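The values are calculated or read from the model by the stated rules, or taken from the named source; none is laboratory data. Remember, predicted model here, so these are calculated numbers, not experimental data. Don't worry about glycine lacking a Cβ; one is built from the backbone with ideal geometry, like all the others, and counts go over all protein chains shown. Just so you know, the surface numbers come from the protein's heavy atoms only, side chains and all, with ligands and any DNA or RNA stripped out. Shrake-Rupley method; radii C 1.70, N 1.55, O 1.52, S 1.80 Å.
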Amino acid sequence: ENYAAQNTGPVRRELAVLFVDMADSTSAVINLPPEDALAYVQHFMEVVTDIAIAYCGDVKDYEGDGALLYFESIAEAARAALAIRTALVQIKEQKGIEIKARFSLNIGSVVIGVIGTALRRSVALIGPSINQAARLLKEIPPGGVIATQTAVERLHSEAPDLAERFQLWNERLELKGFQNELVTAFHVP
């Protein structure tokens, strides 16, 4: 949030974004005392954050039981998604704690700028690629990694071996807010 303090004005950049959302969290935490529910979500966010940073990414926001991560490269974002998914499987195998998540990837031009007032400011990432990735997240079942065609096409140039793991999910997705644009999406089974 250094950017908010500097207030250097909006900047346009191409970024890869990864949304990570804990799936079925309501049923997982509904019977837990609030402290235990918080610890459960915190454990998930520690895994997400540590892996994002390990893959040269960062956390833009935590929202409830989800996070918006951003990266310079779509390959780093895709590798982070797959690493988080693997880590969650390992947690289940080693500790018996089941944490399900879904993931969505996109890449595109975003504007980075400060929103709010002098009393309370935050840095925002604004752009259609972010909104599209957020909408895509709801299209994939728990454990799934979904990506736009744009993200997969870029992966073909950055990391062809990784791009080959993505398979067609749906050629004509209608996403809320994108009614005039059908989205082609791919997933990693």
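General remarks:
- Counted residues, the range 3-53 - those being more than 20 Å from ILE91 (Cβ to Cβ), among the charged types (D, E, K, R) and modelled with pLDDT under 90: 0
- Considering residues of the range 126-142 that are more than 13 Å from the chain's Cα centre (by Cα) and under 29 Å from PRO189 (Cβ atoms) only, the residue surrounded by the most Cβ atoms within 10 Å (Cβ to Cβ): GLY127
- The range 106-132 residues that are within 18 Å of ASP58 (Cβ to Cβ) and among the acidic types (Asp, Glu), paired with ones that are assigned to a strand (DSSP E or B) and modelled with pLDDT under 95 (beta carbon under 7 Å, 6 or more apart): none
- Sole residue being among the basic types (Lys, Arg), on the phi < 0 side of the Ramachandran plot, modelled with pLDDT of 90 or more and touching a Leu at 6+ places or on another chain (Cβ under 7 Å), chosen from ARG172, ARG135, ARG154: ARG135
Residue by residue, here is whether (1) of a type outside the set (Val, Ile, Thr); (2) loosely packed, with under 11 Cβ neighbours inside 10 Å; (3) within 18 Å of ALA80 (Cβ to Cβ) holds:
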site: VAL145; (1), (2), (3): no, no, yes
site: THR148; (1), (2), (3): no, no, yes
site: HIS156; (1), (2), (3): yes, no, no
site: LEU162; (1), (2), (3): yes, no, yes
site: ARG165; (1), (2), (3): yes, no, yes
site: LEU173; (1), (2), (3): yes, no, no
site: GLN179; (1), (2), (3): yes, yes, no
site: THR184; (1), (2), (3): no, no, no
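- Qualifying residue in the range 99-116 (condition: open to solvent by 40 Å² or more (accessible area, probe 1.4 Å) and at positive phi): yes
- Any hit, the range 58-72, residues being in contact with a Gly (Cβ under 9 Å, 6 or more places away or on another chain) and open to solvent by 40 Å² or more (accessible area, probe 1.4 Å): yes
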